[in-house]
Ligand code: BGC
């Protein structure tokens, strides 16, 4: 038995497993504040500012697509360790950078880590959790992402008076080191271990969070699936096999739609939306931090009361309807004109309603679903492809939002998002089956991707 499997799967396993989510959120959220000061000090052009922001997303795409094979080949734990190193290198490098090109390079490095973590963390958490709690435990990832965004807002707020943008970037090294040390002592995923023929280690890991009976039945199930599908799947087979293609398109659709419904325009631009409606800078930043706190609280509610009780499908359908209505409200505020005193308040209600609906549904649940819908032999590769589309959606929306806003109006942009939310609702209604309470192997059979499935 390796040292990594001799520890128990306690709460710390889930916590350290999910730390990648915290860094994901932090690196996503920190740039807004850092850019204000960095932009002035280095006299950046708009294009350079855009590149500092989007370099993380470009790195995210490369990290997501590159690490699928690494997690399948070398293990989930190894990939988490590797991303911890990249997170730290990126954070310190960006903090010490002498010029903007160096910052952009290190933001790409951070992006590689964020992309790798966004693929590996949901897979690791869903593979290690018992079926009855899988939603809530793998949903920890989303709690960590929203906490990371909030942490970034708070660090920005605290360091703004001294304009310490270098520290804003560099502080991400602290959780990276914690993640490395934590992950070093955590067990590998039992499913991956069994696939590599390490049955004793797999049994030991499972035994720490399941009864003896559950361990044996889960081992038998995993073995059954493995016997049917020995080899790991590459990109060609993933797209070439029609049964795999169906579940892959479901994953890509969920991942891409999670972005094009507009969440990150709200994350990046909520303060701008509020200042446009007449709020002062400080009030807008404070309101935004308030929205960040709300998101964390609602994510906890989702984990405790929704995902393993109500399930995934219904919240995704209802959440999309709620987000659609919130976008309609924001559109009305913008069309009605921004001069009336109540416009700001109505906009805050619209933003809060959107974030509540997102946090109860598409926020955490998309990552949970991505960790569970793909068959074991293709999980790393398929997750990489789906996550690539998530980063692509994030990148496209970030790029196009200001352009469309400039060419039309706030009202029109929100109408477009309302339509996209309605499309997301239709997508979930038509294509998404419920996965709550089923083991990963049962889900695999249900999607008909196990060759011996009846
Ligand atoms: C999304 C991120 C988003 C975050 C907001 C995540 O699920 O993937 O793009 O910024 O939620 O909480």
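The values are calculated or read from the model by the stated rules, or taken from the named source; none is laboratory data. Keep in mind the model is a prediction, meaning the values are calculated, not measured. Backbone-built Cβ (ideal geometry, glycine too); neighbour counts: all protein chains shown.
Observations on the structure shown:
- Qualifying residue in the range 197-217 (condition: modelled with pLDDT under 85 and either within 16 Å of the ligand (Cβ to nearest atom) or crowded, with 22+ Cβ neighbours inside 10 Å (or both)): yes
- Residue list for the range 353-381, restricted to those being more than 18 Å from residue 304 (Cα to Cα), within 15 Å of the ligand (Cβ to nearest atom) and at pLDDT below 95: 370, 371
- Evaluating residue 258 against the criteria (1) in contact with a helix residue (DSSP H, G or I) (Cβ under 8 Å, 6 or more places away or on another chain); (2) more than 16 Å from the ligand (Cβ to nearest atom); (3) at pLDDT 85 or above leaves one unmet condition, (2).
- Filtered by the rule that a residue be within 16 Å of the ligand (Cβ to nearest atom) and surrounded by fewer than 21 Cβ atoms within 10 Å (Cβ to Cβ), the range 318-352 gives 322, 352.
- Residue in the range 295-304 that is farther than 27 Å from residue 21 by Cα and either within 13 Å of the ligand (Cβ to nearest atom) or in a helix (DSSP H, G or I) (or both) present: no
- Taken together, the residues in the range 165-201 that are in contact with a helix residue (DSSP H, G or I) (Cβ under 8 Å, 6 or more places away or on another chain) and under 18 Å from residue 80 (Cβ atoms) amount to 22.
- Any hit, the range 62-82, residues being within 15 Å of the ligand (Cβ to nearest atom), closer than 26 Å to residue 256 by Cα, in contact with a helix residue (DSSP H, G or I) (Cβ under 6 Å, 6 or more places away or on another chain) and not assigned by TED's automatic domain parsing to the domain that holds residue 371: yes
- Which numbered condition residue 263 fails, given (1) under 16 Å from residue 424 (Cβ atoms); (2) away from the ligand (no atom under 16 Å from the Cβ): (2)
- Flag for residue 415 being assigned to a helix (DSSP H, G or I), over 26 Å from residue 126 (Cβ atoms) and more than 16 Å from the ligand (Cβ to nearest atom): yes
- Among the residues here, residue 77 qualifies as within 21 Å of residue 205 (Cβ to Cβ) and either out of contact with any strand residue (DSSP E or B) (no Cβ under 7 Å at 6 or more places or on another chain) or surrounded by fewer than 19 Cβ atoms within 10 Å (Cβ to Cβ) (or both).
- Qualifying residue in the range 11-18 (condition: surrounded by 24 or more Cβ atoms within 10 Å (Cβ to Cβ) and modelled with pLDDT of 80 or more): yes
- For residue 314: the one exception among (1) in contact with a helix residue (DSSP H, G or I) (Cβ under 7 Å, 6 or more places away or on another chain); (2) modelled with pLDDT of 90 or more: (1)
For every residue, the table says whether it meets (1) within 17 Å of the chain's Cα centre (by Cα); (2) within 30 Å of residue 309 (Cβ to Cβ); (3) part of a helix (DSSP H, G or I).
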{"position": "103", "(1), (2), (3)": "no, no, yes"}
{"position": "123", "(1), (2), (3)": "yes, yes, yes"}
{"position": "143", "(1), (2), (3)": "yes, yes, yes"}
{"position": "146", "(1), (2), (3)": "yes, yes, yes"}
{"position": "152", "(1), (2), (3)": "yes, no, yes"}
{"position": "155", "(1), (2), (3)": "no, no, yes"}
{"position": "167", "(1), (2), (3)": "no, no, yes"}
{"position": "174", "(1), (2), (3)": "no, no, yes"}
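- Pair list, Cβ under 8 Å, 6 or more apart: the range 148-161 residue more than 24 Å from residue 15 (Cα to Cα), other residue modelled with pLDDT of 90 or more and more than 11 Å from the ligand (Cβ to nearest atom): 156/168; 159/165; 159/167; 159/168
- When every residue of the range 423-437 is checked against the conditions, none turns out to be surrounded by fewer than 20 Cβ atoms within 10 Å (Cβ to Cβ), at pLDDT 85 or above and within 16 Å of the ligand (Cβ to nearest atom).
- Matching residues, the range 382-411, being in a helix (DSSP H, G or I), away from the ligand (no atom under 16 Å from the Cβ) and farther than 16 Å from residue 253 by Cα: 402, 403, 404, 405, 406, 407, 410, 411
- Tally of residues being touching a residue at least 24 places away in the same chain (Cβ under 8 Å) and assigned to a helix (DSSP H, G or I) across the range 194-226: 15
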